[in-house]
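Chemist: Take a look at this one; I'll ask things after.
What follows draws every value from the coordinates through simple rules; no lab data is involved. Small disclaimer: the values here were computed from a predicted structure and weren't measured. No Cβ is skipped: glycine too gets one built from the backbone with ideal geometry, and neighbour counts run over all protein chains shown.
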Amino acid sequence: MPHEINKKAEALLDKEFKVLDHGFVRLVDYMGSDDAIVQAARVSYGAGTKKVSEDRGLIRYLMRHRHTTPLEMVEFKFHVKLPIFVARQWIRHRSANVNEYSGRYSVMKEEFYLPQPEDIRFQSTVNKQGRSKDEVPDDLKQKFIGQLKETNRKSYDQYQEILETGLARELARINLPISLYTEWYWKIDLHNLFHFLALRMDDHAQKEIRVYAEVMADMVKAVCPVAFEAFMDYRVNAFSFSGTEVNVLKEQLDGFLPEVEELEKQGLSKREAREFRRKLRKIQKI
């Protein structure tokens, strides 16, 4: 298949999309598109299968049934500038290639993340790793921001003083706070990128990483619009149920089994409608 140029994706290349106060995301390069996913999937079926299903239907089938290998044929390379504490969360996604700015070779820039006042919240009593929605008094917000600024300024002044003595950069950097910005190149395939986005776009993700994921999601949508649509339908806006929850549903369904034609009117394809009916029958037989 000849290489195809995606005009929407090309328009995004090397543009800086601002995130937080000093951060950004740039789409440096991409390989593949929805067509690459379809091409890879049809290798499994052999020649002449293009008539079996339209491209969109095939991609949606792959996503719906978690046949993820064809998604790995598409890759994205990003240049990201982000606070170190965000990078430490991000790096837990180990299925990417990463090369980060090095404080051993280069002097770290005096750029620190400061949260916006409206983003300062108390600790949640429900979510052990998140913020509550309770409003924080303005005087406490300003005190917190003031302390951050003072700590940042003092730590960077000390960092510069140590550098001026001639001590090694790899030692001078070790007392800098994790609010300091770093940069990296991050390359990942679409399957694993979707996993990253599903977790980091979620409302439970920390806002400071969620805003990066949201910007990147728009880039993915430009490169692979059909796959992104399927991702939203079958991952982000879908749910799974435990065995106990299925038993509860069984009691509520009470023989409910709409006809294929009725389901098509609701927006399902004929194949999706039939699969949905099979799911309902399976639940009712449990």
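Chemist: Sequence neighbours fewer than 8 away in the same chain don't count; with that in mind, list the aspartates and glutamates whose C-alpha is under 20 Å from K8.
Modeler: E16, D29, D34, D35, D55, E75, D189, E214, D218, E229
Chemist: Amide H of D21: which non-local residues (sequence gap of 5 or more, or other chain) have their own amide H closer than 5 Å, using H built in the peptide plane?
Modeler: Answer set, sorted by chain and number: L114.
Chemist: Further question on the same structure: Loop only per DSSP, at most 16 neighbouring Cβ atoms within 10 Å: give me the chymotrypsin sites (Phe, Trp or Tyr not before Pro) in the stretch 83-139, ordered by residue number.
Modeler: Y101, Y105, F122
Chemist: Here's something else I'd like to know. Using the Karplus equation 6.51 cos²θ - 1.76 cosθ + 1.60 (θ = phi - 60°), what ³J(HN,Hα) coupling, rounded to whole Hz, does each residue of the stretch 183-194 give in order, writing x for Gly and Pro?
Modeler: 9, 7, 9, 9, 10, 8, 7, 5, 4, 6, 5, 4
Chemist: What list do you get for K154, K7 if you sort them by fewest beta carbons within 10 Å?
Modeler: With the sparsest Cβ surroundings first, the list reads K7, K154.
Chemist: Amide H neighbours of D29 under 5 Å, counting only residues 5+ apart in sequence or on other chains, H built in-plane at 1.01 Å?
Modeler: Amide H neighbours of D29, under 5 Å, 5+ apart: K77.
Chemist: Further question: Count neighbours as other Cβ atoms within 10 Å of each site's Cβ, and list the GluC sites (Glu not before Pro) in the stretch 103-143 that are DSSP loop with at most 11 such neighbours.
Modeler: Loop-located and lightly packed - E135.
Chemist: Do the alpha carbons of any pairs in K15/K207; K18/K128; K18/K141; K15/K187; K133/K187; K15/K109 sit beyond 27 Å of each other, and which pairs?
Modeler: Beyond 27 Å: K18/K128; K133/K187.
Chemist: What full-extension length gain, to one decimal in nm, is calculated for S155 and Q116 as 0.36 nm per residue of separation minus the Cα-Cα distance?
Modeler: 11.9 nm
Chemist: Over the Cα atoms, compute the radius of gyration (one decimal) and Dmax (the largest Cα-Cα distance, rounded to a whole number) for the stretch 115-178, in Å.
Modeler: 16.6, 49
Chemist: Another question about this same structure. With each label point set 7 Å from Cα along the Cα-Cβ vector, what nm distance links T69 and F241?
Modeler: The two pseudo-label positions are separated by 3.2 nm.
Chemist: With each pseudo-label sitting 7 Å past Cα toward Cβ, what's the K15-L253 distance in nm, one decimal?
Modeler: Modelled inter-label distance: 4.6 nm.
Chemist: Which value in Å does the Kirkwood hydrodynamic radius of the stretch 243-285 take, with 1/r averaged over all unlike C-alpha pairs and then inverted?
Modeler: For the stretch 243-285, the Kirkwood estimate is 10.8 Å.
Chemist: Whole-Hz Karplus ³J(HN,Hα) for the stretch 257-273, in order, using 6.51 cos²θ - 1.76 cosθ + 1.60 and θ = phi - 60°, x for Gly and Pro?
Modeler: For the stretch 257-273, the Karplus-derived couplings read 8, x, 6, 4, 4, 5, 5, 4, 5, 8, x, 7, 6, 4, 5, 4, 5 Hz, x marking Gly and Pro.
Chemist: Let me ask something additional. Using a cut-off of 14 Å between beta-carbons, work out the net charge of the residues near L257 (Lys and Arg +1, Asp and Glu -1, L257 not included).
Modeler: +3
Chemist: Something else now. Relative to the present Cα-Cα distance, how much length would full extension add between K143 and H22 at 0.36 nm per residue of separation?
Modeler: Taking 0.36 nm per residue and subtracting the Cα distance, the gain is 41.4 nm.
Chemist: Mind checking which lysines have their Cα closer than 18 Å to the Cα of K282? Skip sequence neighbours fewer than 8 apart in that chain.
Modeler: Answer for K282, where 18 Å is the Cα cut-off: K250, listed by chain and number.
Chemist: How long is the gain from S102 to M31 if the chain were fully straight, where each residue apart is worth 0.36 nm and the alpha carbon distance is subtracted?
Modeler: Full-extension gain reported as 22.9 nm.
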